[in-house]
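Let me begin by presenting the structure, written as structure tokens, before commenting on it.
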Amino acid sequence: MQRILITGSNRGIGLELVRRYLRREDTLIFATCRNPQAAAPLQALAAQHPHRLLILRLEVTDAGQIVEAVTAVRIKVDGLDLLINNAGTYAGRVGDADPQVTQFGALEVGPMLDMLRVNTVAPLMMAQAFADLLRRGHNPRLVNVSSDAGSLTMWDGGAYTYPASKTALNMFTRCLAHDLRADGITVISLHPGFIQTDMGGPRATLTLDEAIPGVIRVIDNLAPGDSGQFLNWDGSRVPW
Ligand SMILES: NC(=O)c1ccc[n+]([C@@H]2O[C@H](COP(=O)([O-])OP(=O)(O)OC[C@H]3O[C@@H](n4cnc5c(N)ncnc54)[C@H](OP(=O)(O)O)[C@@H]3O)[C@@H](O)[C@H]2O)c1
């Protein structure tokens, strides 16, 4: 049984990952979201797979809720094989986001820090909180869903806070890969593709159906030697 936890799983990439991992009979999925009551598609999946899908409430910036999530997972399993830090925010959609985080001249400290809390600090706190369960997992993997917008090589300006939040997340991936290598935990940053979700918007180049099988293939094929890498949804490396 592969034991998987996915954050931000009520819509977009997270929900599609849940759907596709559920198609495998040997998976037990902890799907977290901020508001389980309002997560209708996730609830429908849980009704179909009551023994393999557990929905947990988790606002990823809330330290108390992270502790509650760890406790809830520990009641069910003694180890975790895959943690996908997927929850993230663009404060709007690509090309139409809050100027307070995207536009030089309109930037505001509060909204910028809010974004960094979600996209950068929360995945690290999740890693810290779930490290013991991952240590007890089989071929344990920690995937930080990053973005090629966080690539210093590829990004040529604009948007400010979101790309910076992913660049910093990538550094946390490197730090975590270093610290967790001795425990056998493979840690990567993953660019899932530019996908048509609420965040990516209709002009994104890929559908969920096109990109997510690739994302899952990359995760399936991870080996300890990949730890600390920044990988693309098609398996290629993203330049830092
Ligand atoms: N779509 C793309 O083209 C693209 C490209 C590169 C990287 N990514 C990354 O992929 C990940 C998923 O993106 P997406 O396209 O699926 O975005 P999305 O459709 O906007 O979904 C974002 C998910 O994150 C959750 N979330 C946001 N803030 C949260 C918080 N504070 N606590 C818990 N959950 C929170 C949302 O929950 P609520 O419903 O409660 O808001 C939602 O489930 C993000 O990390 C994003 O940066 C996306």
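The values are calculated or read from the model by the stated rules, or taken from the named source; none is laboratory data. Predicted model only: the values in this text are computed from it and were never measured. So basically every Cβ, Gly included, is an ideal-geometry build from the backbone, and we count neighbours across all protein chains shown.
Here's a check for you: in region 89-132, which residue that is touching a Gly at 6+ places or on another chain (Cβ under 8 Å) and β-branched (V, I, T) is surrounded by the most Cβ atoms within 10 Å (Cβ to Cβ)?
T102
Of the residues that sit in region 142-160 and are of a type in the set (S, T, Y) and within 12 Å of the ligand (Cβ to nearest atom), which one is farthest from G8 (Cα to Cα)? Write out each step before concluding.
Taking region 142-160 and keeping what is of a type in the set (S, T, Y), we get 146-147, 151, 153, 160.
Right, trim to within 12 Å of the ligand (Cβ to nearest atom) and you get 146-147, 151.
Values: S146: 14, S147: 16, S151: 23 Å.
Here the residue is S151.
Tell me, please, whether a residue that is within 12 Å of I13 (Cβ to Cβ), more than 9 Å from the ligand (Cβ to nearest atom) and surrounded by fewer than 19 Cβ atoms within 10 Å (Cβ to Cβ) can be found in region 215-236.
yes
Looking at G201 and the list (1) part of a helix (DSSP H, G or I); (2) more than 17 Å from the chain's Cα centre (by Cα), which single condition is not satisfied?
Unmet for G201, out of (1) part of a helix (DSSP H, G or I); (2) more than 17 Å from the chain's Cα centre (by Cα): (1).
List, please: which pairs have Cβ atoms under 9 Å, are six or more places apart or on different chains, and start with a residue in region 185-208 that is of a type in the set (F, W, Y) and end with one that is within 6 Å of the ligand (Cβ to nearest atom)?
F194/S147; F194/G200; F194/A204
Answer with yes or no whether T173 is modelled with pLDDT of 95 or more, of a type in the set (S, T, N, Q) and outside any loop (DSSP other than H, G, I, E, B). Before the answer, list the steps.
Working: modelled with pLDDT of 95 or more: yes; of a type in the set (S, T, N, Q): yes; outside any loop (DSSP other than H, G, I, E, B): yes.
In short, yes.
Look through T173, T205, T153 and report the one residue that is crowded, with 22+ Cβ neighbours inside 10 Å and hydroxyl-bearing (S, T, Y).
Numbers: T205 fails: crowded, with 22+ Cβ neighbours inside 10 Å; T153 fails: crowded, with 22+ Cβ neighbours inside 10 Å.
Criteria check complete, one pass: T173.
Just to check your reading of the model, which residue among D183, D198 is within 19 Å of A87 (Cβ to Cβ) and of a type in the set (D, E, K, R)? Lay out the reasoning, then the answer.
On the way: D183 fails: within 19 Å of A87 (Cβ to Cβ).
One residue alone meets the criteria, D198.
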